[in-house]
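Take a look at the structure below.
Values in this text are rule-based calculations from the coordinates and carry no lab data. In this text the structure is predicted, and so the values were computed from the model without any measurement. So basically every Cβ, Gly included, is an ideal-geometry build from the backbone, and we count neighbours across all protein chains shown.
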Amino acid sequence: MIQPTENVAGAPAVAATAPVVDRSNKRPITKDVLDVQDFNERIVGAYNDGSAEMELPADHSTLRSLIPAGTGALRDFSYIAPEIPLLNSANCVACMDCVVECPDTAILGKAVPKSVLEAELAKIENVEDREHLSKQFAKTTKFWTTYEKRGKEPAYFGIFIDPTKCKGCAECVDACGNHGALSMLMKDTGILKTSQRDFNFYLKLPETPKEYINEKLLSDMMLAERSLLYVGGAGSCMGCGEATALRMMLAATGFQYGKESVGIVNSTGCSTVYASTYPYNPYLVPWTNSLFENGPADAMGVRARWDQMGWGDKKLWVVGGDGAMLDIGFQSLSRMLASGMNIKVLILDTQVYSNTGGQSSTATFKAQNTKFSVHGKVILGKTERRKEIAQIAMMHPNTFVAQTSCAMSNHFYKSIMA
């Protein structure tokens with residue numbers, strides 16, 4: 001059987017190869033909502049090896065379309081892109097921009113105290129492997145020089161790429177910019193094997209100690225494992241800005257309140273398609289989807305029940321695109337804002353209907369060239385003015401509104417944590 005392991009965010013990760021699993025037997029109905037181990041081994045395993053359609057029976061596990069947390073960690077995208085990021089640790093300054101901007105949790109960083117790393121490296125018998133892994137860590141001003149000057153133990157800083165999650169978008173290289181610590185390298189069997197070995201070493205290392213995480217430096221939040229609540233494995237496009245926004249939203253909320261205090265209601269759209277394509281779930285928090293137009297109404301019901309149960313401190317997010325929030329679900333959003341209920345809203349404003357191919361929406365700018373509003377001799381792009389949802393939301397009482405971008409990570413984090 002497939003043997004699950006634990007990844008950095010606490011989600012199950014699966015071995016690359018596994019024997020055939022018997023999927024023909026009927027499963028007994030139990031009082032448990034879902035047998036997670038059975039799901040990961042039998043159902044996810046069948047989808048991973050391509051036999052699901054032919055072999056999986058319509059039993060109680062599959063008929064309800066329930067998906068355990070973090071099953072996206074079992075998905076392998078290593079065959080997707082021709083290139084993978086390569087780290088030059090000598091140029092790394094531990095800014096964490098690459099980790100923050102990655103939409104797929106494919107690149108992660110860790111600060112490891114000097115004594116801890118040296119002890120872990122000493123356990124590696126192969127000299128070449130030991131030397132290679134030691135070169136994946138840098139002595140940065142941030143974690144080494146500063147701590148030495150304070151008379152404290154310095155820490156090495158390392159960046160590691162998970163080849164099973166990387167889609168080759170090179171967002172990390174762009175984020176690194178003039179530092180030049182990251183570049184794209186053509187894949188081959190040897191590169192993938194080395195990258196996986198390096199990432200496995202990263203997983204074995206202890207979590208970054210809290211004394212090396214500066215809570216005032218918001219980009220450092222993703223050094224803390226409690227902030228890594230989006231494990232990747234979603235079917236989003238390469239370099240998807242929505243996925244980056246979702247990762248950052250969860251990082252900020254999880255860092256502040258913890259995994260057990262966060263929930264998401266997601267309106268139908270791009271973000272539900274790539275994040276809940278059965279059986280892969282990138283989230284480590286409770287997540288649900290109802291209809292295109294009623295995410296906010298659904299969230300009001302969840303919030304009311306949570307409050308009845310004494311869970312008033314739990315943070316509930318309702319997520320949707322500009323189609324769900326500005327168009328078909330606009331009335332539902334307005335009703336929710338007017339209710340005064342403790343619900344946060346994340347609008348993934350792409351200025352088009354992303355899920356259906358890029359058609360114009362009320363979030364589309366005037367004269368913008370999109371499907372159904374093509375710029376040409378007859379029609380000069382979109383002729384209507386854009387609906388400014390931020391201005392409309394501010395007209396509702398007791399509503400805080402922030403317009404932000406993942407490109408400005410500090411402003412984004414402050415907006416989420418406000």
Report task. Determine the alpha carbon to alpha carbon distance for each of K216/K315; K123/K167; K110/K167 and list only those over 30 Å. Result -> K123/K167
Requested in this report: Name the most mobile residue of M96, M394, M248, meaning the one with the largest mean-square fluctuation, in a Gaussian network model of the chain with Cα contacts below 10 Å.
Outcome: M394
Report summary line: Inter-part gap, Cα centre of the range 349-395 to Cα centre of the range 49-80, in whole angstrom, is 36
Report summary line: Under the Karplus relation with 6.51, -1.76 and 1.60 and θ = phi - 60°, whole-Hz ³J(HN,Hα) for the range 172-185, x at Gly and Pro, equal 5, 5, 5, 5, 5, x, 6, 4, x, 7, 10, 8, 9, 10
Query raised in the report: Fewest first, what order do R197, R247 take by the number of other Cβ atoms within 10 Å?
Result: R197, R247
Report summary line: Quick calc, the chain, dipole around Cα centre from Cβ unit charges on Lys, Arg (+) and Asp, Glu (-), nearest 20 debye, gives 1020
Report task. Can you give me the P(r) profile for the range 258-417? Cα pairs, bins 5 angstrom wide beginning at 0, each as a whole percent. Result -> 2, 9, 16, 19, 21, 16, 9, 5, 3, 1, 0, 0, 0
Query raised in the report: Want the number for E207 to Y278: 0.36 nm per residue separation, take away the alpha-carbon distance, what's left?
Result: 22.5 nm
Report task. Just subtract the alpha-carbon distance of D76 and A58 from 0.36 nm times their residue separation and send over the number in nm, one decimal. Result -> 4.0 nm
Query - Taking the C-alpha atoms of the range 244-288, convex hull volume expressed per residue in Å³ - result: 71
Report task. May I ask which residue of P163, Y212, C98 lies farthest towards the positive end of the charge dipole of the range 83-224, with charges of +1 (Lys, Arg) and -1 (Asp, Glu) on Cβ and the Cα centre as origin? Result -> Y212
Query raised in the report: R0 = 60 Å: FRET efficiency of N369 with H132, Cβ-based, nearest 0.05?
Result: 0.80
Query raised in the report: Modelled label-to-label distance, L380 and M341, 7 Å Cα→beta-carbon offset: nm?
Result: 4.4
Query raised in the report: Taking Cα pairs under 8 Å and at least six residues apart, what relative contact order does the range 83-224 come out at, in percent?
Result: 39
Query raised in the report: Using +1 on the beta carbon of Lys and Arg, -1 on that of Asp and Glu, and nothing else charged, what's the dipole of the range 258-417 about the Cα centre, debye to 20?
Result: 300
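Loop only by DSSP, 10 or fewer other Cβ within 10 Å of the Cβ. Give me the chymotrypsin sites (Phe, Trp or Tyr not before Pro) in the range 33-141 that pass, ordered by residue number.
Y79
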Report task. Could you tell me which label, among (i) 1.44; (ii) 0.96; (iii) 0.98, carries the value of Rg/Rh (Cα atoms, Kirkwood Rh) calculated for this structure? Result -> (iii)
Requested in this report: Between A407 and R305, with labels modelled 7 Å along Cα→Cβ, what's the label distance in nm to one decimal, could you check?
Outcome: 4.0
Query raised in the report: What is the distance in Å between the Cα centres of the range 144-159 and the range 165-226?
Result: 19
**Report entry** Additional length obtainable on full extension of the chain from A90 to D188, 0.36 nm per residue less Cα span
**Finding:** 32.9 nm
Report summary line: Listed with the fewest Cβ neighbours within 10 Å leading, K344, K204 appear as K204, K344
**Report entry** Over the chain: helical MRE at 222 nm, DSSP H runs n ≥ 4 each giving -39500 (n - 2.57), nearest 500
**Finding:** -8000 deg cm²/dmol
